[in-house]
Amino acid sequence: MNRSVSRTGNGLCEYRSVAADGRITCAKIALGDNEVSPNLCRSCPAKTIACHHLRFSLQKSSPSAIVVRYANGRTEVWNDEPPSISFLRAACAVKVAPITSPKECVACSLRLTTLPQPQAKEKAARRKPKGKVVPFPRPVAATG
């Protein structure tokens, strides 16, 4: 039984969920283990592109550990590298073109229109609030 609970709407990735056994999983990983960590999600290539026109699937590659045996009988396991995520397949839905790396989307005009612009944020902050504004009375000093 592999039920997952979606946690969208709170700033997290829409593809990340929590399985019934407590593992954090990614629905877009098609090749490799689908368990992810917050550090792995931060390095997701889809998150760096941040475009609504991107259609993709991911592959997770986990480095294999190296067992080192010394002449004196001591044994060490080297597994310093963290797992990584890369595109298995990715394409732009508008341009109908394949994407191999996030660098291809850096200067795309379609991507730049989907990102929130700083001018739009400033305009929204300057807008007057809707509804009735009731000022609070100012305190008056008593003279006597």
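Assorted remarks:
Yes or no, residue by residue, for (1) assigned to a strand (DSSP E or B); (2) more than 32 Å from the chain's Cα centre (by Cα); (3) surrounded by 11 or more Cβ atoms within 10 Å (Cβ to Cβ); (4) modelled with pLDDT of 80 or more:
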residue: Ser57; (1), (2), (3), (4): yes, no, yes, yes
residue: Lys60; (1), (2), (3), (4): yes, no, yes, yes
residue: Ser64; (1), (2), (3), (4): no, no, no, yes
residue: Val67; (1), (2), (3), (4): yes, yes, no, yes
residue: Phe87; (1), (2), (3), (4): yes, no, yes, yes
residue: Val133; (1), (2), (3), (4): no, yes, no, no
residue: Ala141; (1), (2), (3), (4): no, yes, no, no
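- Output for region 69-83, where each listed residue is exposed (fewer than 13 other Cβ atoms within 10 Å of the Cβ) and touching a residue at least 24 places away in the same chain (Cβ under 8 Å): Pro82
- When each of Val5, Val18 is tested for being at pLDDT 85 or above, more than 15 Å from Phe87 (Cβ to Cβ), surrounded by fewer than 18 Cβ atoms within 10 Å (Cβ to Cβ) and β-branched (Val, Ile, Thr), the lone residue that passes is Val18.
- Restricting region 101-113 to residues that are surrounded by 11 or more Cβ atoms within 10 Å (Cβ to Cβ) and in a loop (DSSP other than H, G, I, E, B) leaves a set whose member that is farthest from the chain's Cα centre (by Cα) is Cys108.
- You will find that of Ser84, Ser64, the residue that is small (Gly, Ala, Ser) and touching a Ser or Thr at 6+ places or on another chain (Cβ under 7 Å) is Ser84 and no other.
- Pairs linking a residue in region 37-56 that is without any contact (Cβ under 8 Å) to a residue 24 or more places away in the chain to a residue that is of a type in the set (D, E, K, R) and surrounded by fewer than 19 Cβ atoms within 10 Å (Cβ to Cβ), with Cβ atoms under 7 Å and 6 or more positions apart or on different chains, do not occur.
- Test: Asn79 is farther than 27 Å from Pro98 by Cα and modelled with pLDDT under 85: yes
- Looking only at residues of region 9-49 that are out of contact with any helix residue (DSSP H, G or I) (no Cβ under 6 Å at 6 or more places or on another chain) and part of a helix (DSSP H, G or I), we find that the one that is nearest to Lys60 (Cα to Cα) is Leu40.
- Filtering region 69-85 to residues that are part of a strand (DSSP E or B) and of a type in the set (S, T, N, Q) leaves Thr75, Ser84.
The values are calculated or read from the model by the stated rules, or taken from the named source; none is laboratory data. Predicted model only: the values in this text are computed from it and were never measured. Neighbour counts are summed over all protein chains in view; Cβ atoms, including those assigned to glycine, are modelled from backbone coordinates with ideal geometry.
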